[in-house]
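Colleague: I am attaching a structure below and will ask some questions about it afterwards.
The values are calculated or read from the model by the stated rules, or taken from the named source; none is laboratory data. As the structure is a prediction and not an experimental result, all values here were calculated from the model. Cβ coordinates were reconstructed from backbone atoms using ideal geometry, including for glycine residues, and neighbour counts include every protein chain displayed. Note: accessible area is taken over every heavy atom of the protein model, side chains too, but ligands, DNA and RNA are not part of it. Shrake-Rupley method; radii C 1.70, N 1.55, O 1.52, S 1.80 Å.
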Amino acid sequence: MRSPLLSLPGAVPAEGRDEGVAAHYGDLFREQRALADGTGFVDLSHRGVVTVTGDDRLSWLHLLLTQHVSELPAGEATEALILSAHGHIEHALYLVDDGTTVWMHVEPGTQEALTAYLESMKFFYRVDVADRTEDFAVLHLPAGSISPIPDGTVVRETAHGRDLFLPRAELESFAAGPAKPAIGILAYEALRIEAHRPRLGLETDHRTIPHELGWIGTAVHLQKGCYRGQETVARVHNLGKPPRRLVFLHLDGSEVHLPGHGTPIRLAADGPEGRQLGFITTSARHHELGPIALALVKRNVPLDAALIADTTAAAQEVVVEP
């Protein structure tokens, strides 16, 4: 779904999983600084929007999600996962309940599979599931923003900012208002990497479990059960360690090209032909930190080990304890 905000001056379309919105509007670092300072807005209208209504919506979702939501107060934001029977991450949901409806936004293109799964689990519960992606778009206002929000807009507020579920027909009028400047997805991603926040499909693969990414506590509530994959979550938490861990990397700033998603991670001492210990999940150029990345590496990689991503030197910071 192509955003009408791609018609704004300077807009350069994003590619890959973020196709449909702007990568940037002409000045990547200026946009990052604006976002860090609490100004502007980010067009996330390519993300999927799903709603759940009905009297049983919270108690029903509580049975399916990794998060405790049966008593979720209206207006309180949370995030949750849906796992496979083996505990592998299948969906990441960013939710808020407005008192009558649970609103969630999800990764682009995943809303159809999510909606189908939720429909299959309705049984006798009084709930209605709807894919609202064609009607509503997500816009992000950074923490500290004082931009006015249109009356009646559903807002999901977190420490990182506010996600607005805005009627898609109002995108252009909002962009023409006082919330300027428009900020591209590359700036948003750079600050996400800086904050060590994982993203489904980038920091995850087909065998990722929540412990590897630090999603225990933020998206997984350890004092609840009765959801698919809960046995794996409890077993790893109580009896063992995850096989991999998320790390934050400072990359060699002299390199022209950033190592992309999937670039192998090795010990620097072993060189480019050494044994692969992990891979880059996301990389970006940060306005203050320079080239940075998130990566998944084997749990037993020494914390002080010098690493390379292909041929790019990388120094690690701990995100998930080994």
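Colleague: Ordered by packing density, taken as the mean number of other Cβ atoms within 10 Å over each peptide's residues, highest first, how do 215-221, 6-12, 41-47 rank?
Modeller: 41-47, 215-221, 6-12
Colleague: State the label only: which of [x] 103, 46, 36; [y] 59, 52, 29; [z] 129, 73, 45 corresponds to Cα extents along the principal axes in Å computed from the shown model?
Modeller: Correct label, based on the coordinates given: [y].
Colleague: Next question. In nm, to one decimal, how far is the modelled label at Phe29 from the one at Leu289, with both set 7 Å along Cα→Cβ?
Modeller: For Phe29 paired with Leu289, the spin-label model returns 1.7 nm.
Colleague: Here's something else I'd like to know. Just to confirm my numbers, what's the Cα centroid distance between the stretch 222-255 and the stretch 290-305 in Å?
Modeller: Spelled out, the Cα-based centre of one part sits 14 Å from the other.
Colleague: Shifting gears a bit: Output ³J(HN,Hα) for the stretch 209-214: one whole-Hz value per residue in order, computed from phi by the Karplus curve 6.51 cos²θ - 1.76 cosθ + 1.60 with θ = phi - 60°, and x for Gly and Pro.
Modeller: Couplings: 10, x, 4, 5, 10, x Hz.
Colleague: Further question on the same structure: Taking amide H positions as placed in the peptide plane 1.01 Å from N, state which residues far from Arg244 in sequence (5 or more) or on other chains have amide H under 5 Å from it.
Modeller: Sorted by chain and number, the residues that satisfy this are Arg299.
Colleague: What residues have an amide H closer than 5 Å to that of Ile265, excluding those fewer than 5 places away on the same chain, when H is modeled at 1.01 Å from N in the peptide plane?
Modeller: Leu277, Gly278, Phe279, Ile280
Colleague: On average, how much accessible surface per residue is there in the stretch 258-322, in Å², for a 1.4 Å probe, leaving out ligands, DNA and RNA?
Modeller: On the way: 3000 Å² over 65 residues.
Value for the stretch 258-322: 46 Å² per residue.
Colleague: How much of the accessible area of the chain, in percent, comes from carbon and sulfur atoms when a 1.4 Å probe is used? Please list the in-between numbers first.
Modeller: Values: 7230 of 14070 Å².
Summing carbon and sulfur atoms, their accessible area is 51 percent of the total for the chain.
Colleague: Once you wrap a convex hull around the alpha carbon atoms of the stretch 255-322, what is its projected area averaged over all directions, in nm²? Each step should come with its number before you reach the end.
Modeller: Values: hull surface 17.9 nm².
Average of the hull's projected areas for the stretch 255-322 equals 4.5 nm².
Colleague: Would you work out the charge dipole size for the stretch 242-319 about its Cα centre, treating the Cβ of every Lys and Arg as +1 and the Cβ of every Asp and Glu as -1, and quote it to the nearest 20 debye?
Modeller: Details: 7 positive and 8 negative charges, 81 e Å.
In total the dipole reaches around 380 debye.
Colleague: Can you give the extra length, in nm with one decimal, that the chain gains between Leu303 and Glu119 once fully stretched, where that is 0.36 nm per residue apart less the Cα-Cα distance? Show your work: numbers first, answer last.
Modeller: Working: separation 184, 0.36 × 184 = 66.24 nm, distance 4.43 nm.
Residue separation times 0.36 nm, minus the Cα-Cα distance, leaves 61.8 nm.
Colleague: Next up: Cα-based Rg of the stretch 145-192 per 2.2 N^0.38 Å, rounded to two decimals?
Modeller: Details: Rg = 11.4 Å, N = 48, 2.2 N^0.38 = 9.6 Å.
Ratio of Cα Rg to 2.2 N^0.38 Å: 1.19.
Colleague: Starting from the Cα gyration tensor of the stretch 177-302, take the square roots of the eigenvalues, sort them a ≥ b ≥ c, and report rounded, prolate or oblate (rounded when a/c is under 1.5, otherwise prolate if a/b is larger than b/c, else oblate). Show your work: numbers first, answer last.
Modeller: Values: a/c = 2.73, a/b = 1.20, b/c = 2.27.
Oblate, because a/c is 1.5 or more while a/b does not exceed b/c.
Colleague: For Asp252, list long-range residues whose amide hydrogen, built 1.01 Å from N in the peptide plane, is under 5 Å from its own amide hydrogen.
Modeller: Here the answer is Ala313, since their amide H atoms fall under 5 Å of that of Asp252.
Colleague: Separate question: Report ³J(HN,Hα) in whole Hz for each residue of the stretch 231-240, in order, from the Karplus equation J = 6.51 cos²θ - 1.76 cosθ + 1.60 where θ = phi - 60°; Gly and Pro get x.
Modeller: So the J values, rounded to whole Hz, are 4, 5, 4, 5, 5, 5, 5, 8, 10, x.
Colleague: Can you tell me the length gained on complete extension of the stretch Ala130 to Ser70, counting 0.36 nm per residue apart and subtracting the Cα distance? Don't jump to the answer; show the numbers that get you there.
Modeller: Details: separation 60, 0.36 × 60 = 21.60 nm, distance 1.97 nm.
This chain segment gains 19.6 nm when fully extended.
Colleague: What are the ³J(HN,Hα) values, in whole Hz, obtained from phi via the Karplus relation 6.51 cos²θ - 1.76 cosθ + 1.60 with θ = phi - 60°, for each residue of the stretch 193-204 in sequence order, with x given for Gly and Pro?
Modeller: 4, 4, 7, 6, 8, x, 9, 4, x, 10, 7, 10
Colleague: Rank-order 71-78, 27-34 by packing density, defined as the average count of other C-beta atoms within 10 Å over each peptide's residues, highest first. Mind showing how you got there, number by number?
Modeller: Working: 71-78: 14.2, 27-34: 18.9.
Averaged packing, sorted descending, gives the order 27-34, 71-78.
Colleague: Sticking with this structure for a sec: Between rounded, prolate and oblate, where does the stretch 1-96 land on the alpha carbon gyration tensor, with a ≥ b ≥ c its root eigenvalues, rounded for a/c under 1.5, else prolate if a/b exceeds b/c?
Modeller: Values: a/c = 2.47, a/b = 2.09, b/c = 1.18.
Taking the square roots of the gyration eigenvalues as a ≥ b ≥ c, the stretch 1-96 is prolate.
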